[in-house]
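Derivation of every value follows stated rules applied to the coordinates shown; laboratory data play no part. Just so you know, these numbers come straight off a predicted model, no measurement behind them. FYI the Cβ positions are ideal-geometry reconstructions off the backbone, even for glycines, and counts take in every protein chain you see.
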Amino acid sequence: MTTLCATFLGWRLSAAPSPAVTSDAFAEAFGLLCFLHVLLFLATLRLPWLVPDAAENGFVRERPITARDIPRACQRQIVRKLICEE
C-alpha cells in the first residue's frame, strides 16, 4: 500500500511545475493512503468473527509452544546461530 502511494507521489512530484502543485501532490497521496485503509477496513468486515470448529481442525493449540517442546540440540543450534549472526 505504501509503495503504491509512494509511487503515486513520485509520479505527481515529477510532473509538478510549482510549489503549490507539490503540496497538492502530498495531499492527494495522503488521500489515496486513507482511501486504501478504508478499503482494507471494509474488507476485514467480511472476515468471520469466529471460527467455531478451529480447535477440531487443529488450528488452535491447547497450550503455547515453550522451550520444553524444542529438543536441547535444536535450542543449542538456535542460540549458536543467533550469537554468530551478531
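Note on CYS74/LEU47: beta-carbon distance plugged into 1/(1 + (r/R0)^6) with R0 of 35 Å gives a FRET efficiency of 0.50. The stretch between LEU4 and VAL21, if pulled fully straight at 0.36 nm per residue, gains 4.2 nm over its current Cα-Cα span. In region 2-45, Rg over Rh equals 1.11, where Rg is the alpha-carbon radius of gyration and Rh the Kirkwood radius from pairwise Cα distances.
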